[in-house]
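Data first, discussion second: the structure below is written as structure tokens.
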Amino acid sequence: MASNPAASEDQIELFFLYCSPQVFMMTLAIFLLVRTVKLTSVKMRSIFSNITKCGFGIYLVHYFVVGLGYWLANVLSIPISLKIPMTAALVFLISWGFVATFYTIIPRASKWIFG
């Protein structure tokens, strides 16, 4: 679909929708991979525990940070093959930092705002 020059944006984005088989297969692969991880380090457990606590907030905030991530990747002239992974990592770190900071500053309100 992406190689078809006459395809509309809706047709190209069809494969990234939530209820598509591609998203199900990617989610299943990540779930099966993460399920086998055994964390023995206390520090790693606390990091993953914090990511889990902030997960819904990261989901809510990431939409506002994606544009900044793409802009920064363009400014830094990152090669196209690395642009999406670098942008994803950057957006995740910024979103997680934002939500985790709110959880430490105002934990009661953050629980209501970010879930």
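The values are calculated or read from the model by the stated rules, or taken from the named source; none is laboratory data. Just so we're clear, the structure is a prediction, and the values are computed from it rather than from any experiment. Here Cβ is always computed from backbone atoms with ideal geometry, including for glycine, and neighbour counts include all displayed protein chains.
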Quiz item: Which members of the stretch 62-92 meet the condition of being polar (S, T, N, Q) and at pLDDT 90 or above?
Solution: THR87
Exercise. State whether the residues of the stretch 32-40 include one that is surrounded by 15 or more Cβ atoms within 10 Å (Cβ to Cβ) and either of a type outside the set (Lys, Arg) or part of a helix (DSSP H, G or I) (or both).
Key: no
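Given the structure, is ASN50 polar (S, T, N, Q) and either under 14 Å from the mean Cα position of the chain (by Cα) or exposed (fewer than 10 other Cβ atoms within 10 Å of the Cβ) (or both)?
no
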Quiz item: Any idea which residue in the stretch 57-85 is surrounded by the most Cβ atoms within 10 Å (Cβ to Cβ), counting only those that are in contact with a helix residue (DSSP H, G or I) (Cβ under 6 Å, 6 or more places away or on another chain) and hydrophobic (A, V, I, L, M, F, W, C)?
Solution: ILE58
Self-check item: Matching residues in the stretch 18-48 - criterion: being modelled with pLDDT of 90 or more and not hydrophobic (A, V, I, L, M, F, W, C)
Solution: LYS43, SER46
